[in-house]
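Just so you know, all these numbers are worked out from the coordinates, no wet-lab data involved. This one's a predicted model, so the numbers in the text were calculated from it and none came from an experiment. We place every Cβ from the backbone using ideal geometry, glycine too, and count neighbours over all the protein chains shown.
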Amino acid sequence: MIENGLRDARRTAGLSQGELAARAETTRQTIGALEAGQYAPTLGVALRLARALDRDVTELFWLEAPRPTVRAELLGPDRWDETTPLRVQVARIGERVIARPLDAFGAADGMIATADSSLAGGQAVPVALMADPAALDRTAVVLGCDPALTTLGAHLGRRHARGGLRLAVGQATSLRALGALARGEAHAAGMHLLDEACGEYNLPFIRRAFAGRKVLVVTAAHWQQGLIVAPGNPRGIAGAADLARPDLTIVNREEGAGSRAALDHALGVSGTDPAAVRGYARVVGSHRTVAEIVAAGLADAGPGILAAASALGLGFVPLAEERYDLVFADETRESAPVAALLDTLASRAFRDEIDALPGYDPSRTGSVVLDEPLPPLAV
């Protein structure tokens, strides 16, 4: 593909498109189309433009440099429309290079284009990189649902700008994030999952997922978990038991999400059957989406955190204070991006910012919850 610097050169010369067209013996429409990259110039047009602007032709037009390519292990999807390139996030995790499809509008690290519609997740595929190849080794991949992970990423980027280190955040439930971490598909997993059997957060699930392995668990924050409701709580929802009222409908989180586990616990404590709650089976994938549905009047309530409710000016019925932890596998904890992540997590600047978020308590942010080998599962 031919790229060009025609617009900048014309503006530097102080010429309008019409004036340049007259000097180069062409039309204003041609100048506009060239500047927009709609077509490549003929040799004669290129030479006349270079003469009119007193520039070398290569200053105005040049071939786009080929993108570097890396082979990466694709983590889903099972299929996609082969006519559309697949945007992916790419990072090195241990000895593996992982490509994870993007489901949002964040900038992609690379693109996968294939005419083979049978190509599926789990295969090694060529990825045309859009980012510096060195970024693969400078990226910490964190999976979780905490909206403040993007804030953590911004602080990491500023704090470690000289090393080019960065944080890539993927949306995932607590259980999905933990499973991906155990499979070596992320550097860290975020969790806020209550174990009903013992009333403990996160550690029972971690012990099962990492049995026989060493793991590091660090607190990211404590936050207020509850029910997101309309502004002023016009339905008068006082707790989980009220959700069984026939005049109410909710939106829920998917299985494996900490917010769903918190709702299930509250329903159980109040003796409320989830089957009696209208909308219990209607699930979405994030705190923010729950808040948006309630804000749109499409549900009366949904489980989520206070910060998500406050962001949209909604009401909130507290259910519990939760501990949100980040879990790190021992195999990658000494890598540069993970070291930068842990350093940033404990920094005063990051803790000060999340302290300003509604419902967040950073008093134990950065504190180690667990750092030891875990016993194997009993047979």
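Placing a label point 7 Å from the Cα of ALA128 along the Cα-to-Cβ line, the residues of region 36-56 whose backbone N sits under 18 Å from it are 37-40. Neighbour counts of other Cβ atoms within 10 Å put VAL141, VAL57, VAL251 in the fewest-to-most order VAL57, VAL251, VAL141. For LEU377 and ALA65, a Förster radius of 56 Å and the Cβ-Cβ distance give a FRET efficiency of 0.60, rounded to the nearest 0.05.
For GLN89, nonlocal amide neighbours, meaning residues 5 or more places apart or on other chains whose placed amide H falls under 5 Å from its own, are ARG100, LEU102, ASP109. Among the GluC sites (Glu not before Pro) in region 295-373, those located in a DSSP loop and surrounded by at most 16 other Cβ atoms within 10 Å of their own Cβ are GLU334. Comparing Cα centroids, region 339-354 and region 7-25 end up 51 angstrom apart. Region 116-193 and region 259-307 have their alpha-carbon centroids 27 Å apart. Note on region 292-344: along the principal axes its Cα atoms extend 47, 21, 17 Å, ordered by decreasing extent. For the chain, the dipole from Cβ point charges (+1 on Lys and Arg, -1 on Asp and Glu) about the Cα centre works out to 680 debye, to the nearest 20.
Here the Kirkwood formula puts the hydrodynamic radius of the chain at 23.8 Å, using every distinct Cα pair.
Annotation for PHE105 and GLN29: the two label points, set 7 Å from Cα along the Cα-Cβ direction, are 3.3 nm apart. Listed by Cβ neighbour count within 10 Å, with the fewest neighbours leading, CYS198, CYS145 appear as CYS198, CYS145. Per-residue Karplus couplings for region 224-233, computed as 6.51 cos²θ - 1.76 cosθ + 1.60 with θ equal to phi - 60°, are listed in order as 8, 9, x, 10, 7, 10, 5, x, x, 6 Hz, Gly and Pro entered as x.
Each residue in SER270, SER310, SER363 was given a count of other beta-carbon atoms within 10 angstrom of its own, and listing them fewest first yields SER363, SER270, SER310. Spread over its residues, the convex hull of the C-alpha atoms of region 180-310 is 120 Å³ per residue. What is the spin-label model distance, in nm, from GLU95 to GLU3 if the labels are put 7 Å beyond Cα along the C-beta direction? Each label point lies 7 Å from its Cα, and together they span 3.7 nm.
Under the Kirkwood approximation for Rh and a Cα-based Rg, what ratio Rg/Rh is obtained for region 2-63? Over the Cα atoms of region 2-63, Rg/Rh equals 0.89. Full extension of the chain between THR12 and CYS198 gives 59.9 nm of extra length, using 0.36 nm per residue less the Cα-Cα distance. Averaging sequence separations of C-alpha pairs under 8 Å and six or more residues apart, then dividing by the length of the chain, give the relative contact order as a whole percent. Reported relative contact order: 17 percent. What percent does the relative contact order of region 259-351 come to when contacts are Cα pairs within less than 8 Å and at least six residues apart? Reported as a whole number, the value is 21 percent.
Between VAL215 and GLU372, LEU374, the built amide H atoms are under 5 Å apart, and every one of these is 5 or more places off in sequence or on another chain. Applied to region 315-322, the Karplus parametrisation 6.51 cos²θ - 1.76 cosθ + 1.60 on θ = phi - 60° returns per-residue 3J(HN,Hα) values of x, 8, 10, x, 10, 6, 9, 10 Hz, with x for Gly and Pro.
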